[in-house]
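Notes to accompany the following structure.
Just so it is clear, none of the values below were taken in a lab; they were calculated from the coordinates. Remember, predicted model here, so these are calculated numbers, not experimental data. Please note: Cβ atoms are built from the backbone with ideal geometry, for glycine as well, and neighbour counts cover all protein chains shown.
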Amino acid sequence: MDLNAEQSPSVGEVLQADDDGAPEYLFEQSPYNTAVREIDKARFFSQEWHLREVEKVWRKVWQMACREEEISEPGDQIVYDIVDNSIIVLRADDGSIRAFYNSCLHRGTQLLPAGACTSSDRLRCPYHGWTYDLSGKLVDQPSSWDFPQFRGRTATLVPVKVDKWGGFVFITMDPDAPPLEQFLGVLSSHKLGEELARRFIGAHVAKVIDCNWKVGLEAFLEGYHVAEVHPQALPFTGDTNGQLDVWPPHISRMIASIGAPSPRMANASTADSVAALRAFLPNCPEEAADGDIDPREMMAQSIRGMLSDLTGADYSAYSKSEIIDAINYHVFPNLMPWVGHGTPIVYRLRPFGSDPDRSILEVYLLYAAPHEKPRPDPAEVVWLDPGDSWTRAPQLGGLGEIFDQDEQNFTMIQRGLKAGGAPGISPSEYQESRIRFLHDTLDSYVHS
């Protein structure tokens, strides 16, 4: 779709004006040219729909279980829970990554509690002491004489398929699932995996929120809400002129140019953008005070300086877009990595147990690993209580206020969806095209 004059400049025009070697994948365009439709509301709160999602989506798709640095050494173990399923992901003695259902072969007891992140050369059942090595093999069975059904055979925990990309560890419970590389599609040609794999978890904050996981996810799939919910960003954020791309069946992307006012602010000047950026950035270049610098260059200088101080690496070879623009990908169903260096955010949303009215929102900040220094240990997850403000997590910096603004709407959306009225939601043709793609893909799984 061609953006009209009121939605200019386009992302491509901004990148061309930068003329600083932005990678080709940022110029690639793939709009979602399908007809708009009403999407039924029941999928956001129906228990029946939730159970179909569990069976047809969560037990079928590749999904991010953890980061590699969370299980960096042999014996490191982490539990990934999705609805009623629980998976242990671990680093084996030979350095490989393996995954098993978190269920003892004896009477089904969980070997590790929900959310566990630990290290041991064994997995030991807390009920009767059955013990497994890191390959999943049963190596100690108290009173083995009393279990003839296990005699004369090698017993192992039930494995789960596992693979990795970009430092993320993915699992799928479908033994017939296609390879992860095939599932990720265009991400391989965009060559983002190596860059993301070099990063580490600098912050990890989680919270149970009062809405369906798709309600939360939708907020991060579009910029249409920025003017109403995040007005402080309008002087330096492209919203309606953002670029929305879709690569079926699992990948979509949004690029929002930073450093120029929203097309909604028809009378905004460069000085307005500079003033807003000076209030937003902690180490704004001094020359910006006299208006002698382009806002995009000003922001790029600031963030390059912060990143160099943090990592000791040289960021001068990266284009302005790679440093400052909001570039977020969505990997169906629930992973959203932002690949720009200045906004190193990753979102993961998943159902909270079997309650379709609640979900878990996790926010990661993935920082570039220090240059020629040991990789820092990953930050431990910090769980906020349901009523807590995101600003209670200082490691999120100014993002805490943004997440508070978003969450204020989540509960009202969930309640509004159940309040009656129209039977469905009606996403827009372009600005909410990624939401339409999400639901089209979801339908293809649920109705398969």
Among Gly353, Gly305, Gly420, residue whose mean-square fluctuation peaks in a GNM of the chain (springs only between Cα atoms under 10 Å)
Gly420
Sorted from fewest to most neighbouring beta carbons within 10 Å, what does the list Thr237, Thr131 look like?
Thr131, Thr237
Can you find, among Pro148, Tyr127, Pro175, the residue sitting farthest towards the positive end of the charge dipole of region 63-176, where Lys and Arg contribute +1 and Asp and Glu -1 at Cβ?
Pro148
Can you list the lysines whose alpha carbon is less than 24 Å from that of Lys56, not counting same-chain residues fewer than 8 positions off?
Lys41, Lys161, Lys164, Lys214, Lys418
Calculating log10 I(q)/I(0) by the Debye sum over Cα atoms at q = 0.07, 0.13 Å⁻¹ from this structure picks out, from (1) -0.34, -1.29; (2) -0.38, -1.24; (3) -0.33, -1.15, entry (2)
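For a quick protection proxy, order the peptides 334-343, 24-33 by their average other-Cβ count within 10 Å, most packed first.
Details: 334-343: 22.1, 24-33: 14.6.
Ranking, from highest mean packing down: 334-343, 24-33.
For each of Ser448, Ser308, count neighbouring Cβ atoms within 10 Å of the residue's Cβ, then give the residues from fewest to most.
Ser448, Ser308
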Calculate the spin-label point distance for Leu310 paired with Thr34, positioning each point 7 Å from the Cα along the beta-carbon direction, and give it in nanometres.
3.6 nm
Phi-based couplings in Hz for region 95-102 (Karplus 6.51, -1.76, 1.60; Gly and Pro marked x)
x, 6, 9, 10, 9, 9, 5, 7
Straight-distance crosslink candidates among aspartates and glutamates, where the alpha carbon sits under 15 Å from Lys191 and sequence neighbours closer than 8 are dropped:
Glu24, Glu28, Glu181, Glu322
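Among Lys164, Lys418, which comes first, then next, by fewest other beta-carbon atoms within 10 Å?
Details: Lys164 17, Lys418 13.
With the sparsest Cβ surroundings first, the list reads Lys418, Lys164.
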Measuring from label point to label point, each 7 Å out along Cα→Cβ, what is the Val382 to Asp20 span in nm?
3.1 nm
Can you work out the Karplus-derived ³J(HN,Hα) for every residue in region 388-394? Use 6.51 cos²θ - 1.76 cosθ + 1.60 with θ = phi - 60°, whole Hz, and x for glycine or proline.
6, 6, 5, 6, 6, 10, x
Could you check the spin-label model distance between Lys418 and Ser119? Points 7 Å from the Cα along Cα→Cβ, value in nm.
4.4 nm
